[in-house]
Amino acid sequence: MKTHLSRKFMSRSILVMVFLSAMVLGTASAAFKFIQEGMTPPEFKGKDLLTGDEVVWKPGSGDEGSEVVLIVFWATWSPRSMDLLRDLKEMSEEYREHAFRVIAVNVDGQKPTPMMMKEISSKWVELDLPFPIIVDEGLKTFYAYGVIAVPSVALVDGAGHLRYGPSGYSYIIRDQIVDSTEVLLGLREAGAIATLAPVYRPNPKASRYYHLGRRLASQQLYERALGNLDKAVEEDTGFSSPYSLKGQIQLSLGEWDKAEQNFARSVELDSTSVAAMAGWGRSLLRQEKIGEAAEKLTAALELDDTYTPALVDLAECRTIEGKLDEAWTLYEAARELNPRNPELLFHLGRFLRNKGETASAVTVYKTAIEQLVTLPILESAPQQ
Amino acid sequence: MVILGCLCAGLLLWASGADAAGRQAVIQRSRVLLVEAQDAFAAGQSDTALARLDAILVEDPANPDAYYFIGLIKLSHADTAGAEVALVEGVRLAPLSRRLKLLLARVWVESGKTVEADKLVTEVMVLRPLDVDALYIKGLIALAGSDTTAAVEFWDTALNEELGGGEL
């Protein structure tokens with residue numbers, strides 16, 4: 001099955017590989033800011049775009065017959081999402097006799113508009129997808145997982161643990177998804193390409209404190225969140241995610257030095273965590289330690305060159321250093337990956353504004369603010 | 001006489017009670033219709049949505065929410081004149097409604113009435129100077145006047161407010 005499937009994928013993917021190889025020679029590292037491999041991802045629900053039925057997903061029980069679930073975060077504006085969905089369609093058909101399910105979570109925007117729904121439906125029809133698409137209203141699931149880039153995939157085993165979670169999509173990632181899925185379905189031995197590394201399983205009590213802390217943090221109840229994260233690390237001193245989340249909270253509170261310490265500890269425990277490495281870089285950037293920040297951000301991008309926050313922060317470092325061309329290249333790379341990310345566009349807008357390119361800045365700022373407003377966005381420009 | 005008085009008072013109480021119950025039923029029906037209208041609009045069925053909203057106004061002609069959604073749907077179909085009629089009525093019924101004022105301002109920007117739009121947005125910004133929707137419209141008004149520098153300034157302020165402090 002593996003050979004057959006890979007061959008089918010191979011022909012189409014060679015071209016993709018040529019285009020993407022420059023971007024993806026790095027590893028397929030973690031796609032999620034708040035969920036590390038080995039952890040139980042949050043449950044979510046949403047309406048099936050086609051049937052209108054409510055789709056509820058909860059991590060599996062591990063009982064016999066429990067499904068391997070592949071959750072894909074995708075958007076119509078992301079060409080790589082289309083490649084991924086096409087391949088997942090084939091996978092879904094190939095493994096239909098097995099306990100395998102794909103759930104596609106659309107993350108086109110914060111608020112579904114009729115135009116957006118039309119675009120999503122048209123992609124669904126065009127691709128003829130055999131699995132449900134749910135629209136992530138308010139991007140709740142997107143934020144709960146801390147999705148880094150679009151598309152991203154969460155491959156969850158029957159016991160409900162995240163086993164593989166790459167961000168972006170490439171030739172290498174595609175093969176790793178296929179192989180990892182087949183290993184989890186018991187269709188092949190782990191080995192050749194499969195990268196199902198032995199995962200760190202945090203102490204269940206620590207995991208519960210962590211998830212509670214994450215939920216409290218998402219409600220901006222930072223003090224209570226920090227209290228729970230402290231309890232998580234007391235329960236399991238080797239658990240890296242609580243340190244990283246503490247760092248994120250401290251960034252929000254402007255406590256840069258504390259954030260730096262927690263990110264450093266998180267990286268010490270898990271050197272593959274791109275979110276922690278990039279957070280470390282950001283905490284240094286906020287303290288104006290530009291050289292050190294650039295070093296950590298570069299390290300983060302070596303782990304995952306699709307990690308938008310690291311691209312943006314490194315661009316800011318290069319701007320401060322006067323390396324404007326390099327900054328521009330980084331911003332462009334980030335925009336290609338996340339063309340509607342308001343934070344990125346805000347920074348890019350400021351960059352263009354400071355360069356005196358006001359007309360370009362207007363376009364970028366407008367796209368950024370339109371992600372945040374509750375008013376309808378119209379195609380036509382206002383009369384001048 | 002006393003008995004008659006009691007009877008009248010009882011009747012009045014019954015009548016007002018029935019009135020309140022009737023009003024409550026209208027409010028309840030309006031809520032259901034409003035949700036149905038929103039769902040239909042989100043599913044791209046604007047005609048169905050408008051029919052639901054019209055049904056609300058038959059029973060409850062002073063319902064500002066219905067006027068808001070009619071304005072929203074008409075604006076989404078580039079019917080600025082129709083949107084304006086609905087939203088002007090909505091603002092008349094609910095003169096303190098932020099969302100009605102801002103949507104009407106958005107319609108007015110679209111139809112070139114930037115002075116009127118600016119006045120409405122300024123009213124909102126008196127209470128909420130960093131309102132992201134208001135600053136968005138301010139930027140559009142500035143752009144309509146070809147003042148790109150001011151547009152960027154308004155949007156930078158809004159984005160800084162929304163994103164500046166948020167790291168998570």
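We did not get these values from a lab; they are worked out from the coordinates using the rules stated. Values in this document were obtained by computation on a predicted structure and should not be read as measured data. Neighbour counts are summed over all protein chains in view; Cβ atoms, including those assigned to glycine, are modelled from backbone coordinates with ideal geometry.
Quick notes on this structure:
- Cross-link pairs A:K140/B:K74; A:K118/A:K140; A:K47/A:K366; A:K47/B:K101 - those with Cα-Cα distance over 26 Å: A:K140/B:K74; A:K47/A:K366; A:K47/B:K101
- Of B:H77, A:H161, the sequence from fewest to most neighbouring Cβ atoms within 10 angstrom is B:H77, A:H161.
- The residues neighbouring B:W155, those whose beta-carbon lies less than 11 Å from its own, together hold a net charge of -1 under the Lys/Arg +1, Asp/Glu -1 convention.
- For segment A:201-288, the calculated P(r) over all alpha carbon pairs, in 10 Å bins from 0 to the bin holding the longest distance, is 22, 51, 26, 1 percent.
- Per-peptide average of other Cβ atoms within 10 Å, ordering A:49-58, A:201-210 highest first: A:201-210, A:49-58
- Residue by residue along A:342-353, Cβ atoms of other protein chains within 10 Å of the local Cβ number 3 on average.
- When you filter the trypsin sites (Lys or Arg not before Pro) in segment A:91-152 for DSSP loop state and at most 11 other Cβ atoms inside 10 Å of their Cβ, you are left with A:R96.
- Computed over every Cα-Cα pair of segment A:240-370 and binned at 10 Å starting from 0, the pair-distance distribution P(r) comes out as 15, 42, 33, 10, 1 percent.
- Order of B:S76, A:S244 under a 10 Å beta carbon neighbour criterion, fewest first: B:S76, A:S244
- Cross-link partners of A:K246 among lysines (Cα-Cα below 17 Å; sequence separation of 8 or more within a chain): A:K33, A:K231, A:K258
- Dividing the mean sequence gap of close Cα pairs (under 8 Å, 6+ apart) by how many residues chain A holds gives a relative contact order of 15 percent.
- The GluC sites (Glu not before Pro) of segment A:80-138 meeting both criteria, a DSSP state outside H, G, I, E and B (loop) and at most 11 other C-beta atoms within 10 angstrom of the site's C-beta, are A:E97.
- Kirkwood hydrodynamic radius of segment B:62-153, Cα pairs, Å: 13.0 Å
- Using equal-weight Cα scatterers in the Debye expression, the normalised intensity of the protein assembly as shown in log10 at q = 0.05, 0.07, 0.08, 0.09 Å⁻¹ is -0.25, -0.48, -0.62, -0.77.
- Estimated from helical segments only, the mean residue ellipticity of the protein assembly as shown at 222 nm is -20500 deg cm²/dmol, where each DSSP H run of four or more residues counts as -39500 (n - 2.57).
- Neighbouring partner chain Cβ atoms per residue of B:149-162, average, 10 Å criterion: 5
- Amide H partners (placed H, <5 Å) of A:Y164, local residues excluded: A:L155
- Hull-based mean projected area of chain B, where the convex hull spans the alpha carbons, in square nanometres: 14.6 nm²
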